[in-house]
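The values are calculated or read from the model by the stated rules, or taken from the named source; none is laboratory data. Remember, predicted model here, so these are calculated numbers, not experimental data. Glycine gets a Cβ as well: all are built from the backbone with ideal geometry, and neighbour counts include every protein chain shown.
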Amino acid sequence: MGHGKHGRKATSKHDGWDVTPADALRVAPGFDLAGFDHASTPGWKHGRKAGEALVARHAAELSELQERLFAEGRSGGARSVLLVLQGMDTAGKGGIVRHVVGLVDPQGVAHRSFGVPTSEEARHHYLWRIRRALPRPGYIGVFDRSHYEDVLVVRVDELVPADVWEKRYDEINRFEERLVEAGTTVVKVALLVSPEEQKKRLLERLDRPDKYWKYNPGDVDSRLRWPAYQEAYQAVLDRTNTEVAPWYAVPADRKWFARLAVSELLLDALRRLDLGWPPADFDVDAERARLLAT
Ligand code: AMP
Ligand code: MG
């Protein structure tokens, strides 16, 4: 971006991160979910208060970059951003949307959550509902769950035969590659909560009448299949972690860190677009004169 009022000049090299958040969180070859520390804070050693302060400090820049993206879309640009949030129940997907995506103008956000396919959706190819929900130029699309459910819950619950879901990894890679070619920056975030923390969060839902609505008896069934889900997530991270659409593994046991991580990943994606403001497609001086004469 240009050197607007939110330039980075005054701050340390990586805003307090050891390396860029993207480098700290990017899934590396050989990534092993079994050894993952869900309470860790990769790349960040300044604790919660400083983490929350950084999110607050970056909020204005995030918001301005979103507006630049939107303006570009309005002026014929093709670019957009898609934030894909995947995670087990209680991983904090909703909180990310509220606390991170909530930092930008909602008019520029296309949010969509994907549940059990409706009867109409089920009659189509699994990518049908995804394509229809993709962000238009200028928008930040946010997927709360995504096409990855079609190789996660679908695989674990054997909703289609193995030879059907097996082909989907390559198909998803091709789909995302075309998406990126068409101008969408894809940021895929796996919010990784530990089974212990999930239990705590589910119990809390049962302890609090204001949380009952979030509780779904089916969540316990998914918990019972934790190892199968781990295997399915591992396959996703092994097979769909592409150069053009990489995965970021975000430890989710500490909500403040997950929010810091995702807001920084989103900011990084927007910064990399090097967004300007669209030039006037009219004669500014002539318009000023015309207006002053009224
Ligand atoms: P929630 O995100 O808590 O509203 O739950 C949505 C539920 O929909 C989860 O249990 C998902 O596993 C389920 N779901 C999402 N996509 C699919 C899909 N393609 N097939 C089957 N279940 C799905
Ligand atoms: Mg749920």
Revision key, fill the gap. Listed by range, helices (runs of 4 or more DSSP H) wholly within segment 157-255 having at least 1 residues that are within 16 Å of ligand 2 (Cβ to nearest atom), surrounded by 15 or more Cβ atoms within 10 Å (Cβ to Cβ) and not hydroxyl-bearing (Ser, Thr, Tyr) are 195-207, 218-224
Study note, to complete from the structure: Screening Gly138, Gly95 for residues that are at positive phi and buried (at least 17 other Cβ atoms within 10 Å of the Cβ) leaves only Gly138
Review point. Does Leu69 satisfy being among the aliphatic types (A, V, I, L, M), surrounded by 23 or more Cβ atoms within 10 Å (Cβ to Cβ) and away from ligand 1 (no atom under 14 Å from the Cβ)?
Key: yes
**Study point:** Residues located in segment 132-156, provided they are without any contact (Cβ under 8 Å) to a residue 60 or more places away in the chain, under 18 Å from Leu83 (Cβ atoms), of a type outside the set (A, V, I, L, M, F, W, C) and more than 16 Å from ligand 2 (Cβ to nearest atom)
**Key:** Arg132, Pro135, His147
Exercise for review: Under 8 Å between Cβ atoms, at least 6 apart or on separate chains: pull out the pairs that start in segment 87-99 with a residue that is touching a residue at least 24 places away in the same chain (Cβ under 8 Å) and closer than 19 Å to Ser63 by Cα and end on any residue that is more than 9 Å from ligand 1 (Cβ to nearest atom) and part of a loop (DSSP other than H, G, I, E, B).
Suggested key: none
Point to revise | Residue in segment 256-279 that is surrounded by 11 or more Cβ atoms within 10 Å (Cβ to Cβ), within 16 Å of ligand 2 (Cβ to nearest atom) and in a helix (DSSP H, G or I) present | key: no
Exercise for review: Restrict the check to segment 76-93 and report whether at least one residue is among the aliphatic types (A, V, I, L, M), more than 12 Å from the chain's Cα centre (by Cα), modelled with pLDDT of 95 or more and more than 16 Å from ligand 1 (Cβ to nearest atom).
Suggested key: yes
Practice item. Out of Phe257, Phe282, report the one residue that is out of contact with any Asp or Glu (no Cβ under 6 Å at 6 or more places or on another chain) and in contact (Cβ under 8 Å) with a residue 40 or more places away in the chain. Key: Phe257
Check your understanding: Can you tell which of Arg174, Arg201 is of a type in the set (D, E, K, R) and within 18 Å of Ala258 (Cβ to Cβ)?
Key -> Arg201
**Study point:** Only listed residue being without any contact (Cβ under 8 Å) to a residue 60 or more places away in the chain, over 26 Å from Gly183 (Cα atoms) and either basic (Lys, Arg) or within 16 Å of ligand 1 (Cβ to nearest atom) (or both), chosen from Arg57, Arg112
**Key:** Arg57
Practice item. Give just the number: which of (1) within 13 Å of ligand 1 (Cβ to nearest atom); (2) more than 22 Å from Asp157 (Cα to Cα); (3) not aromatic (Phe, Trp, Tyr) does Arg98 not satisfy? Key: (1)
Exercise for review: Answer yes or no as to whether Ala91 is outside any helix (DSSP H, G or I) and either among the polar types (S, T, N, Q) or touching a Pro at 6+ places or on another chain (Cβ under 8 Å) (or both).
Suggested key: no
Check your understanding: Going by the structure shown, is Gln66 under 16 Å from the mean Cα position of the chain (by Cα), modelled with pLDDT of 95 or more, in a helix (DSSP H, G or I) and more than 23 Å from Glu243 (Cβ to Cβ)?
Key -> yes
Practice item. Taking the options Pro227, Pro209, Pro251, name whichever one is away from ligand 1 (no atom under 11 Å from the Cβ), at pLDDT 95 or above and in contact with a His (Cβ under 6 Å, 6 or more places away or on another chain). Key: Pro251
Review point. What number of residues within segment 60-86 satisfy the criterion of being within 14 Å of Arg271 (Cβ to Cβ) and aliphatic (A, V, I, L, M)?
Key: 5
